[in-house]
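Below is one structure, written out as structure tokens; comments come after it.
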2 protein chains.
Amino acid sequence: MNSIKIMLEEKKMPTHWYNLAADLPNPPQPPLGPDGNPVSPQMLAKIFPMNLIEQEMSRERWIKIPDEIRDILYRWRPTPLRRAVYLERYLKTPARIYYKDESVSPAGSHKPNTAVAQAWYNKQFGIKKLSTETGAGQWGSALAFACTLLGLECKVFMVRISFDQKPFRKMMMKAWGADCIASPSLQTNAGREILKKDPDTPGSLGIAISEAVEQAVSDPSGKTRYALGSVLNHVMLHQTIIGLEAKEQLKTAGEKKIDVVIGCAGGGSNFAGISFPFVCDKIHGEKIRIYPVEPTACPTLTRGPFVYDYGDVARMTPLLAMYSLGHNFIPPAIHAGGLRYHGIAPLVSQATVEGLLEPKAYDQVKCYEAALLWAKTEGLIVAPETSHAVACAIEEAIKAREEGKERTILFCLSGHGLMDLAGYDKYMNGELKEACLSEDLLQKAVSVFQSHPQPKICRTGKW
Amino acid sequence: MNSIKIMLEEKKMPTHWYNLAADLPNPPQPPLGPDGNPVSPQMLAKIFPMNLIEQEMSRERWIKIPDEIRDILYRWRPTPLRRAVYLERYLKTPARIYYKDESVSPAGSHKPNTAVAQAWYNKQFGIKKLSTETGAGQWGSALAFACTLLGLECKVFMVRISFDQKPFRKMMMKAWGADCIASPSLQTNAGREILKKDPDTPGSLGIAISEAVEQAVSDPSGKTRYALGSVLNHVMLHQTIIGLEAKEQLKTAGEKKIDVVIGCAGGGSNFAGISFPFVCDKIHGEKIRIYPVEPTACPTLTRGPFVYDYGDVARMTPLLAMYSLGHNFIPPAIHAGGLRYHGIAPLVSQATVEGLLEPKAYDQVKCYEAALLWAKTEGLIVAPETSHAVACAIEEAIKAREEGKERTILFCLSGHGLMDLAGYDKYMNGELKEACLSEDLLQKAVSVFQSHPQPKICRTGKW
């Protein structure tokens, strides 16, 4: 029997998350308040529970995963590591392609890894309700799932255009007991202001974040907090269970050396999850190439500047030191909604500044082509976001064939695409266009940074 | 850590399928041709490959699973056996509820278990193309998946109303390279005849079967065969891997005695899969209650007669000895499309005649109520079909509480409902009505049998 699926025993599921901040040669720079000074934990206390704020600021290398969280994660974890033998044969490549299959979670993506942790920490802190935003719906449904298991209320502000176009995601959240409404809404000041100016707005992630944060901070009982599905340090932390498991599984598969690690990158969470344990190895001398892959329509790491920028349109969040296309930037309407965020996690940004990562950007047409080849060989229909990682893995496997070299490739299959088939259909009907961001639009987007405080660029650069 | 997920090692995946026909006190009666005589293998040779026809007629108890089929099944098998501890706590029941999670397959249901086997046997026999029908789309997408992995062409006739209402399923088949068209179509005589009479017909499973069979038998190259996703003996056989795995896993969980086994029942395949290995135990003296659960809208086992009936509207199939509501019967349009078939597998029928099974029928409103409780406690959104098994498990668990008795319950979670959320939405909005079949309609449906040859009712009845 082919060794195409490598399972990990329950008892070998990681007991600790890995914190890259402990190992980065230059740790990420602190978030700043509107006055340009670093924010204190107290300034965030109305938005997040203090236990998560501590985690956000921690420099500890290993942070214990509470048993109750492990109990819940164990419902679908450890996830399988699979080897893409059918694709390898099709490509006639000497490369061995492994993928960590996060699509097996009940919500269909890696998002529940942090949703469950965040819901649990909030509950421990006495919080009764979480508010959040969602674009395509992966994060909103993951948080709805976590909240129903832990008995918390959940309120999701879903970008109106997705709310209207993706009724299934909305129904999924509702089935899990969440209150999902279209954003902008009449329930917040931020929403009302925007609707007054533009009653027909399709909404945006930036607007939805503003509404969700307002919802949390304005609850007079003080029992509501905000939850974010990507970008922040504690979210990256919770996702490292992906890469830690994969490392164990690769050992079981007899792989001594990993050459390439790949993840698609929007806010950065699945990329951080699969790659940070390997970034640690790279810092400690291993030769390994690590590729975050983004869409050419939203080329944050490949073409954006490293700056201090806000996480939302209404500037309600602190300033974060990150690569960004500007908090007002609205990328072209590609199908990979989860990769349309203007910024990217400070930890991923700092690792990029340090030269530890080699960002790539692919166009959506190339990605759907890869996804379709994947579906026909490996039999899995991946999310449009995940197709970026698939395209990169295929490119690397072909390069290995051309160079006549063995190579071990690992990527994160972050989610399935069963609820996002419209993009496939467009591609198959030849209706999908390339969506590369023009230089003009890029320049216009990043002009916003002239008035911002800028982060220091600290590079060690020995990789 | 709670023992909520029981995995089975690769090497313990069953090596043989179990054939209930070997153990039934009175084996199922043979299919008959239009002349009332048993059909010979040769009469079926234009529809199915000879290796599957042999399997269909086999009385061997154990049939070896070819290694290549096991290699493919291993991509998602053994599937997890899970314990519903959250639901148990919610219900305050002393019962232990286990469920075999078949939703983890790439197509999201148990259907690929037989799709892969059928595609493989056809390929071995030199067949290049398979044709089939699909209603809601579970079976069509499973066969498309299997065909792409094995390099066969696949043609799916999808009931027009589903084709129009469920675009995602159709796209899924297309992504896997299948040619999926609406039925009735202009590509077959059967389709053209029906469209001539009624150009706006929504189509039916019976019509789509007629078209798919015609497609297979009329290929002049002789390289096309028909594949059916349920009802037939070889389909039941391929699904027994579900129950065989579950038995091993229950042993691992320390369960010595299973009290109740449950599966939803349409054509009978997931029910047969989970239950037949336990039916064998019952025949050999174990005390165990086995419940096939059907919708009150299509109460084949609970209210239909045991008769010889055709599998399709156009009477292209042999006559099968089964419970049936009549091959012309069109049940109310409930959301569990997979449970709307007029007949049920001859093996399930014979086991019912023998008194080995205790069929139940539930209304869809009760089933959605159960499915929603399941989503909120166990975190999984099940298919509308599967909700019938969930409702039965909940009923049994409540009975155990009322009787103050421990009880071990096993059911088959046959598929997820991520592509069928419209029914949930209707239920949550209070728009879903009960859909019990009236006595008048039942009488009208079964009046068709007056002119048919009838099977003998052979009962041993010691259970």
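Could you look at the range B:184-246 and say what percent of its accessible area is carbon and sulfur, using a 1.4 Å probe and all protein chains?
Its accessible area is 56 percent carbon and sulfur atoms.
Leaving out ligands, DNA and RNA, calculate the buried accessible area for the pair A and B with a 1.4 Å probe, summed over both sides, in Å² to the nearest 100.
4300 Å²
I'd like to check one number: the per residue accessible area of the range B:370-462, probe 1.4 Å, reported in Å² as a whole number.
43 Å²
Among bridges DSSP assigns within the range A:235-360, what percent are antiparallel (round to 5)? Write out the running numbers ahead of the final one.
Details: 6 of 12 bridges.
If we restrict to bridges inside the range A:235-360, about 50 percent are antiparallel.
I'd like the antiparallel share, as a percent to the nearest 5, of DSSP beta bridges with both residues in the range B:60-214.
Antiparallel: roughly 20 percent of the beta bridges in the range B:60-214.
Report, in deg cm²/dmol and to the nearest 500, the calculated mean residue ellipticity at 222 nm for chain B, where each DSSP H run with n ≥ 4 adds -39500 (n - 2.57) and the sum is divided by the residue count.
-11500 deg cm²/dmol
For the range A:1-145, what's the radius of gyration and Dmax over Cα atoms, in angstrom?
19.0, 62
So how tilted is helix B:364-378 from the main axis of chain B? Cα-based, degrees 0 to 90, rounded to 10.
Computed tilt is about 50 degrees.
Per residue, how much accessible area does the range B:99-251 have with a 1.4 Å probe, in Å²? Don't skip to the answer; put the middle values down first.
Working: 4460 Å² over 153 residues.
With all protein chains present, the range B:99-251 gives 29 Å² per residue.
First compute the accessible area of the range B:101-172 with a 1.4 Å probe, then give the percent of it belonging to carbon and sulfur atoms. Provide the component values of the computation, followed by the final result.
Numbers: 900 of 1750 Å².
Heavy-atom surface of the range B:101-172 belonging to carbon and sulfur, 1.4 Å probe: 52 percent.
Evaluate the range A:327-384: find the radius of gyration of its Cα atoms, find its Kirkwood radius, and give the ratio Rg to Rh.
For the range A:327-384, the value is 1.06.
Can you send over the carbon and sulfur percentage of the accessible area for the range A:369-463, probe radius 1.4 Å, protein chains only?
So the carbon and sulfur contribution to the accessible surface is 48 percent.
How much accessible area per residue does the range A:256-348 have, counting only protein heavy atoms and a probe of 1.4 Å, in square angstrom?
About 27 Å² of surface per residue is accessible.
What whole number of Å gives the distance from the Cα centroid of the range A:61-90 to the Cα centroid of the range A:249-310?
With the range A:249-310 and the range A:61-90 each reduced to a Cα centre, they are spaced 17 Å.
Taking 20 Å² as the minimum loss, tell me which residues in the range A:1-32 lose that much accessible area going from the chain by itself to the full protein complex (1.4 Å probe).
The answer is A:Met1, A:Asn2, A:Ile4, A:Lys5, A:Met7, A:Glu10 - residues whose exposure falls by at least 20 Å² when every protein chain is included.
Across bins of 5 angstrom width beginning at 0, how are the C-alpha pair distances of the range B:124-186 distributed, in whole percent?
Here the calculated profile for the range B:124-186 is 4, 22, 33, 22, 12, 5, 2, 0.
Kindly tabulate the residues in the range A:354-382 with an accessible-area decrease of at least 20 Å² between the chain alone and the assembly of all protein chains, using a probe of 1.4 Å.
A:Ala375, A:Lys376, A:Glu378, A:Gly379, A:Leu380, A:Ile381
Past the 54 angstrom mark, what percentage of all C-alpha to C-alpha distances in the protein assembly as shown do you count?
Of the Cα pairs, 14 percent sit more than 54 Å apart.
Return the equivalent ellipsoid semi-axes of chain B as a descending list in whole Å, where each equals the square root of 5 times an eigenvalue of the C-alpha gyration tensor.
Its equivalent ellipsoid spans semi-axes of 32, 24, 23 Å.
What are the extents of the Cα atoms of the range A:327-463 along their three principal axes, in Å, largest first?
So the three principal-axis extents are 49, 37, 24 Å.
Excluding same-chain pairs closer than 8 in sequence, count the lysine pairs in the range B:204-310 whose Cα atoms lie under 18 Å apart.
10
Need one number: the % of Cα-Cα pairs in the range B:232-359 sitting beyond the 17 Å mark.
Percentage above 17 Å: 57.
Normalise the Cα radius of gyration of the range A:113-223 by 2.2 N^0.38 Å (N = residues in it) and let me know the number.
1.02
Relative to the longest principal axis of chain A, what angle (0 to 90°, nearest 10) does the C-alpha long axis of helix A:138-150 take?
80 degrees
Please state, to two decimals, what the Cα-based radius of gyration of the range B:167-294 comes to when divided by 2.2 N^0.38 Å (N = residues).
Working: Rg = 20.1 Å, N = 128, 2.2 N^0.38 = 13.9 Å.
Dividing the Cα Rg of the range B:167-294 by 2.2 N^0.38 Å gives 1.44.
So what's the angle, to the nearest 10 degrees on a 0 to 90 scale, between helix B:269-283 and the longest Cα principal axis of chain B?
Long axis of B:269-283 versus the principal axis of chain B: about 60 degrees.
So in the protein assembly as shown, what percent of DSSP beta bridges are antiparallel if you round to the nearest 5? Show your work: numbers first, answer last.
Numbers: 36 of 100 bridges.
Antiparallel bridges make up about 35 percent of those DSSP assigns within the protein assembly as shown.
Using a 1.4 angstrom probe on protein heavy atoms only, which residues from the range B:157-182 are buried by at least 20 Å² of accessible area when all chains are present rather than their own chain alone?
Going by heavy-atom accessible area, the residues of the range B:157-182 that drop by at least 20 Å² are B:Phe168, B:Met171, B:Met172, B:Lys174, B:Ala175, B:Trp176.
Under a plain spin-label model, where a point goes 7 Å from the Cα along Cα-to-Cβ, how far apart in nm are B:Asp281 and B:Arg89?
The two pseudo-label positions are separated by 2.8 nm.
The values are calculated or read from the model by the stated rules, or taken from the named source; none is laboratory data. Keep in mind it's a predicted model, so treat the numbers as computed, not measured. Every residue, glycine as well, gets a Cβ built from its backbone with ideal geometry; the counts of neighbours run over all protein chains shown. For the accessible areas, the whole protein counts, side chains as well, though only heavy atoms, and no ligand, DNA or RNA atoms are used. Shrake-Rupley method; radii C 1.70, N 1.55, O 1.52, S 1.80 Å.
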